[in-house]
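Asker: This structure is in C-alpha cells; I'll ask about it shortly.
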Amino acid sequence: MSDNFKETSLRYHREPTPGKLGIVPTKPLANQRDLARAYSPGVAFACEAIVEDPSAVAEMTIRANLVGVITNGSAVLGLGNIGPLASKPVMEGKAVLFKKFAGINVFDIEIDQEDPDKLIEIIAALEPTFGAINLEDIKAPECFVVEEALRKRMKIPVFHDDQHGTAIVAGAAISNGLRVVGKELNDVKLVATGGGAASLACLDLLVSLGLKKENITLVDLEGVVYTGRKKDMNIYKDKYARDTTERSLDDAINDADVFLGLSAPGILKPNMVKKMAEKPFILALANPTPEITPEEAKKVRPDAVIATGRSDYPNQVNNVLCFPFLFRGALDVGATEINDEMKKACVWAIANLAYRESSDEVADVYRGEDLKFGPDYIIPKPFDPRLILEVAPAVAEAAMLSGVATRPISDMDVYRKNIGNFIFKSNMLMQPIIEDAKKNPKRVIYAEGEDKNVLRAVQAAIDERMIRATLIGRPDVINRRIEKLGLRLKENVDYEVINPHQDDRYKEFCNEYHKIVGRKGVSKEAARTIIRTNTTVIAAMSVKLGYQDAMICGTYGRFDFHIRHIIDIIGRKNEIQKISTLSVLILAQQTLFITDAFMDIDPTMEQIVETTLAAAKQIELFGIKPKVALLSHSNFGSSKAPSAVKMGKAVKMLRERAPELEVDGEMHADAALNEALRDGMIKDCALSGAANLLIFPTLDSANIALGLVKSIERGLLVGPILLGAGLPAHVVTPGVTARGILNMTAIAVKDAQNVEKENLPQLPL
C-alpha cells in the first residue's frame with residue numbers, strides 16, 4: 001500500500017471525530033417530563049415489565065437489534081496477534097458494515113484475555129446485553145472451543161464470522177461454480193489449503209451440503225493432513241485426515257475438480273493448475289494476494305472458473321454478502337441460535353440470487369457490467385440491494401421452521417416490504433456513479449488547482465482511474481504542496497497544468513472569451529486581464545473550447561461569483577430551462593435530495609417544474625427511484641397564499657408532463673417524510689413511503705432547511721449539483737472536503753459521459 005493511502009486512511013479514522021462509531025439517542029430529552037420517563041422514576045415501569053415478562057426486553061430496549069462484536073485480537077486478518085487494543089479499529093469497521101448494510105446496532109468489545117475458559121466466562125456473562133454475538137479474529141483452535149461452549153451456554157445466536165461467514169459465501173460460490181462447469185457437489189474431488197478456522201468451517205458446511213468427506217484432501221503448512229500425522233494436528237483437523245500417500249499440494253492437486261484456498265499468497269502454481277480435472281473451479285481466497293491470480297490460472301487453463309477475495313476480479317467471495325443479512329433475519333425472529341438450517345438457507349439464498357435474472361436495481365448500481373450468470377458472475381456483488389430482501393427472510397423462515405424463533409413473523413410479505421424500505425435509506429449513494437466514472441474516464445479541470453483538498457481529491461480520482469486531470473495554478477506552488485502533502489502526483493503524467501501567467505492558449509482564450517462577453521460590457525483589455533486572473537473563467541473556457549470535458553470550481557469565493565461566469569461562457573442546456581441546483585444530504589437514516597438551495601430566489605411555477613424534472617433525472621443516475629414532494633406551509637390546499645398555490649399548480653403540471661413520476665403536494669415537510677401522517681390527511685396520495693426529493697418554494701426555505709438538517713444531523717453534503725448547464729460544470733462550496741470534491745468529480749465525469757452519448761451520431765434503422 002502507498003504512503004498516501006496510509007495517510008488518508010489515518011486521517012479517515014481521526015477526522016472529524018475519532019473512530020467510526022457514535023451513540024445516538026432514539027427518544028427526545030427536551031424537558032423534565034422526558035427526563036423523568038427516560039430515567040428515574042419512569043424507567044422503573046419498563047424494568048418491572050421486563051421482570052414480569054423477560055420477552056418484553058425486545059420491545060423496550062435496544063437488545064433485539066444489538067449485536068456484540070467481540071474479539072481478543074489474537075488473529076486479526078493480515079496482522080496476526082496484535083492484541084485487543086490494536087484490534088479496536090477492525091471491530092469498529094465490522095460494526096459499520098452491520099449498520100450500513102442491515103441497520104443493526106453494534107457494541108464492539110475487545111477483551112484482554114487469551115485463556116479460552118476465561119474468555120468463555122466473560123462473554124457468557126454478557127448475554128443480557130445483546131440479541132446476538134459475533135465472534136471475530138480469535139485464533140484457532142481456541143475459536144472452536146470458545147464458540148462451541150458459548151453456543152451451549154447462551155440462549156442467543158453466537159456466530160464466528162471468520163468461520164461460518166466465509167463458509168456460507170464460499171458454499172454459495174462453489175454451488176454456482178459447479179453449475180457453470182456442469183458438475184455435482186457429491187461427485188467432485190476437492191483440495192483445500194489452510195488448516196485454520198475458515199478452511200475447516202468451509203469443509204464442515206460443504207459436507208453438510210453433500211460433499212463426500214472421502215473426496216476432500218486438506219493441506220496445511222505441514223503438507224497433506226493424513227491419517228496418523230502427529231505434527232500440528234488437533235481434533236478439528238483429525239476428521240479430515242485421509243489414508244493416502246500424498247504429502248504435498250502438488251501431489252494432492254492431481255485431477256482435483258475444486259481448489260479451495262484459504263491460506264497464503266502464490267502457493268498454487270501454474271503447473272499444479274495444469275494437473276487439475278477438466279473445467280476446474282478455483283477459489284483463491286487469500287487476501288490481499290491470492291493463492292494464484294486469475295491471469296496466471298487462465299494462462300494455463302482457459303477452461304477454469306475462478307473466484308478470489310478481491311473486488312478488482314470477478315466473483316469476489318466476501319463475507320459482507322452474508323453476515324449483515326444473516327444476523328438481520330436471526331434478530332428479527334428472536335432466534336436462540338444460528339443453526340445449520342439457517343446457514344444452508346443463507347447459502348441457497350445467496351447462490352440463487354446470482355442465478356436469477358439481474359434486476360433494474362442491480363443494473364443501476366453496476367452499470368456497464370454484464371451481470372448474467374456465467375463464469376464471471378457466479379455470486380452476487382456486495383452492493384446488490386436485493387441481498388437483504390432475499391437472505392434475511394430466508395434465514396428468518398429457516399429459524400422458524402427449525403424451532404429456534406422466539407418471535408415468529410406472521411406475515412412474511414409485510415416483513416419483506418419493511419426490510420425493503422431499508423434499501424432506500426442506505427448511504428452507499430456514490431457507488432453507481434463512481435463505478436460508471438471508472439469505466440470511461442474523462443478530462444476534468446480544477447479551477448483552484450493549488451488548493452490542498454483539490455490536490456487530495458485529484459490523487460484519489462487518479463487512483464480510482466476516473467479522470468485525466470488539469471490543474472489551474474502556478475506549477476511551482478502546486479509541486480511544493482504535492483510534496484508537502486505526501487502525494488504521488490507527477491506533472492505531465494498524472495496531471496497537466498494551466499499556468500494563468502503563461503500558457504500557449506492564452507491568445508485563443510482571450511479572443512473567444514471576448515466574442516462571448518463583448519456585448520455584455522467586457523472590453524478586450526478587460527478580457528485579457530480576466531483570462532490572466534480568473535481561474536473559473538479559464539476552466540469554463542477550457543470546457544467550452546473542447547480542451548476539457550468537465551470543470552470543478554468554488555473552493556473559495558461566493559457561489560454566485562462562479563455561477564455568473566459559467567452561465568456567461570457555457571450557457572444553459574436549453575433556453576427554456578434555467579440553471580438550478582440539487583443538493584444531496586446523506587444522513588444516518590436516509591438520503592435526501594433538496595432543491596433549490598443556491599440559485600433562484602423565488603422560482604416561478606414553470607421553473608419549479610423544470611428543476612423537478614431535471615433533479616428527478618439526476619437522482620435516477622444514482623440508481624434511486626425519485627419520490628417527489630413539493631413542500632409548502634400549506635397541506636394539500638389548506639392555504640391560498642401565492643407560494644402555496646404555485647406549488648399546487650406545479651404538481652398538476654408535473655403530472656401532465658411526467659405521468660410516470662411519483663409526485664404529490666403541496667405539503668408540509670413532516671408529511672413528505674411520514675406516510676402515516678399523510679394517510680391521516682388524504683387517502684389518494686400519489687406518494688408511497690417517504691419522499692426522497694424535496695422541492696422547496698423559495699431559495700430561502702431550501703437553503704435554511706439544508707443548513708439546519710446538515711448541521712443538526714451531521715449529514716454529508718454531496719453537491720450542489722448543477723442542473724441545466726450547457727456542458728458539465730459544478731461549483732462546490734468553500735470548506736468542502738477532499739471527499740466532497742472527489743464525489744463531485746465522479747458526478748462531473750458521469751455528466752461528461754452523458755454528453756458524449758447525446759452527441760454520438762444516430763445509426764440508421
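Asker: List pairs: first in segment 26-41 and not assigned by TED's automatic domain parsing to the domain that holds residue 589, second assigned to a loop (DSSP other than H, G, I, E, B), Cβ under 7 Å, 6+ apart or cross-chain?
Answerer: That search, which allows pairs on different chains as well, returns 34/28; 35/29; 36/42; 38/27; 38/29.
Asker: What residue, among those in segment 109-151 that are closer than 21 Å to residue 335 by Cα and acidic (Asp, Glu), is nearest to the chain's Cα centre (by Cα)?
Answerer: Only one residue fits best here, namely 136.
Asker: Of the residues that make up segment 52-69, is at least one basic (Lys, Arg) and touching a Gly at 6+ places or on another chain (Cβ under 6 Å)?
Answerer: Yes: segment 52-69 contains one or more residues that are basic (Lys, Arg) and touching a Gly at 6+ places or on another chain (Cβ under 6 Å).
Asker: Could you check segment 575-589 and list, in sequence order, the residues that are surrounded by fewer than 19 Cβ atoms within 10 Å (Cβ to Cβ) and either without any contact (Cβ under 8 Å) to a residue 60 or more places away in the chain or within 29 Å of residue 22 (Cα to Cα) (or both)?
Answerer: Residues satisfying the conditions are 575, 576, 587, 588, 589.
Asker: Related question: Taking residue 73 as meeting all but one of (1) surrounded by fewer than 16 Cβ atoms within 10 Å (Cβ to Cβ); (2) in contact (Cβ under 8 Å) with a residue 12 or more places away in the chain; (3) not in a helix (DSSP H, G or I), write down the number of the exception.
Answerer: Of everything listed in (1) surrounded by fewer than 16 Cβ atoms within 10 Å (Cβ to Cβ); (2) in contact (Cβ under 8 Å) with a residue 12 or more places away in the chain; (3) not in a helix (DSSP H, G or I), residue 73 misses just condition (1).
Asker: Quick check, is residue 199 assigned to a loop (DSSP other than H, G, I, E, B) and buried (at least 23 other Cβ atoms within 10 Å of the Cβ)?
Answerer: Considered against the rule, which asks whether it is assigned to a loop (DSSP other than H, G, I, E, B) and buried (at least 23 other Cβ atoms within 10 Å of the Cβ), residue 199 comes out as no.
Asker: Across segment 290-329, what is the number of residues that are β-branched (Val, Ile, Thr) and closer than 28 Å to residue 343 by Cα?
Answerer: Qualifying residue count, segment 290-329: 5.
Asker: Mind listing whichever residues of segment 724-735 are over 10 Å from residue 566 (Cα atoms) and within 25 Å of the chain's Cα centre (by Cα)?
Answerer: Within segment 724-735, 732, 733, 735 meet the criteria.
Asker: Within the group 193, 217, 166, which residue is among the hydroxyl-bearing types (Ser, Thr, Tyr) and either under 28 Å from the mean Cα position of the chain (by Cα) or farther than 24 Å from residue 305 by Cα (or both)?
Answerer: Just a single option satisfies the conditions, and that option is 166.
Asker: Among the listed residues 212, 275, 269, 239, identify the single one that is within 26 Å of residue 79 (Cα to Cα) and of a type outside the set (Asp, Glu). Outline the logic, then answer.
Answerer: Values: 212 fails: within 26 Å of residue 79 (Cα to Cα); 275 fails: within 26 Å of residue 79 (Cα to Cα); 239 fails: within 26 Å of residue 79 (Cα to Cα).
Result of the check over 212, 275, 269, 239: 269.
Asker: Return yes or no: is residue 479 surrounded by 14 or more Cβ atoms within 10 Å (Cβ to Cβ) and among the polar types (S, T, N, Q)?
Answerer: Yes.
Asker: Give me the pairs: first residue in segment 304-330 and more than 21 Å from residue 281 (Cα to Cα), second residue of a type in the set (Ser, Thr, Tyr) and at pLDDT below 95, beta-carbon distance under 9 Å, and six or more apart or on different chains, which are they?
Answerer: 322/166
Asker: Which fully enclosed strands (runs of 3 or more DSSP E) of segment 646-762 have 2 or more residues being hydroxyl-bearing (Ser, Thr, Tyr)?
Answerer: On the way: elements: 662-667, 693-695, 716-723, 729-731.
No strands (runs of 3 or more DSSP E) qualify here.
Asker: Still on this structure, please answer the following. Would you point out the residue of segment 670-694, among those that are in contact (Cβ under 8 Å) with a residue 40 or more places away in the chain and closer than 21 Å to residue 605 by Cβ, that is surrounded by the fewest Cβ atoms within 10 Å (Cβ to Cβ)?
Answerer: Per the criteria, the residue is 687.
Asker: Please report, ordered by residue number, the helices (runs of 4 or more DSSP H) entirely within segment 94-186 with at least 2 residues that are touching a Phe, Trp or Tyr at 6+ places or on another chain (Cβ under 6 Å) and on the phi < 0 side of the Ramachandran plot.
Answerer: On the way: elements: 116-124, 142-153, 161-181.
In segment 94-186, 161-181 are the helices (runs of 4 or more DSSP H) which contain 2 or more residues that are touching a Phe, Trp or Tyr at 6+ places or on another chain (Cβ under 6 Å) and on the phi < 0 side of the Ramachandran plot.
The values are calculated or read from the model by the stated rules, or taken from the named source; none is laboratory data. Because the structure is a prediction, the values reported are computed rather than measured. Please note: Cβ atoms are built from the backbone with ideal geometry, for glycine as well, and neighbour counts cover all protein chains shown.
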